[in-house]
Amino acid sequence: MREKDAWLVFADEAGQSLRPPRATTWSPRGITPTVRVNAGSGRISLASAVCCRPGERTRLIYRILVHHPGRRTEKKGFREPELAALLDAAYQQLGRRDIVLVWDNSTQHTDAAMRALIAARSWLTVFRLPPYCPELNPDEGVWSNLKKSLANLAACTLEQLAALAKTRLKRMQYRPGLLDGFIAETGLILTP
């Protein structure tokens, strides 16, 4: 990475339905708190990249897709073209510098279409994480933080859920110390 003067980018995808993640809360003794949820179907798909480089501020780049039930024309999640678009956006936002991408062995990361998209980008070098080790990916910290902040919030529509997720991800973008904490949590050391 240092020899290439490249950005180290950790990427991952996640999803969220209208049913909020569970969390604890306070209530008067003897009264069980309840959160009423419109458990409608549909979901949002999220993809993000934690980008770091020695001497630079750590950055977060993300994309959100909304999938309404019954709409066959809407994408259900991130596939190869959307992931390639995320990587192209990262390349632009990171000053057109080379990228060393680290991500898991998900099907859409390893299939022939993705290999062709990667081969077409001379500025991109890809490494894969070993199977079943999310603790090595700082992007998992992004999802954990996001899900905790959405806990017990009952969004009524997918658009509201997408807006809430976007607001929280945008807040994370302006907190490079938090992003550095996600990297430190993996045990990765960036300084020589």
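The values are calculated or read from the model by the stated rules, or taken from the named source; none is laboratory data. Quantities reported herein were computed from a predicted structural model and do not represent experimental measurements. Neighbour counts are summed over all protein chains in view; Cβ atoms, including those assigned to glycine, are modelled from backbone coordinates with ideal geometry.
Here are a few things to note about the model shown:
- None of 57, 22 is within 20 Å of residue 153 (Cβ to Cβ) and either part of a loop (DSSP other than H, G, I, E, B) or aliphatic (A, V, I, L, M) (or both) except 22.
- Residue 44 being surrounded by 11 or more Cβ atoms within 10 Å (Cβ to Cβ), on the phi < 0 side of the Ramachandran plot, in contact with a Cys (Cβ under 9 Å, 6 or more places away or on another chain) and of a type in the set (A, V, I, L, M): no
- Scanning region 84-122 for residues that are outside any helix (DSSP H, G or I), surrounded by 14 or more Cβ atoms within 10 Å (Cβ to Cβ) and either free of Cβ contacts under 8 Å to residues at least 24 places away in the same chain or among the hydrophobic types (A, V, I, L, M, F, W, C) (or both) yields 94, 99, 100, 101, 102, 103.
- Qualifying positions in region 61-74 - touching a helix residue (DSSP H, G or I) at 6+ places or on another chain (Cβ under 7 Å) and either of a type in the set (D, E, K, R) or part of a loop (DSSP other than H, G, I, E, B) (or both): 63, 68
- Here residue 142 meets the list (1) at pLDDT below 95; (2) under 15 Å from residue 10 (Cβ atoms); (3) not basic (Lys, Arg) almost entirely, failing just condition (1).
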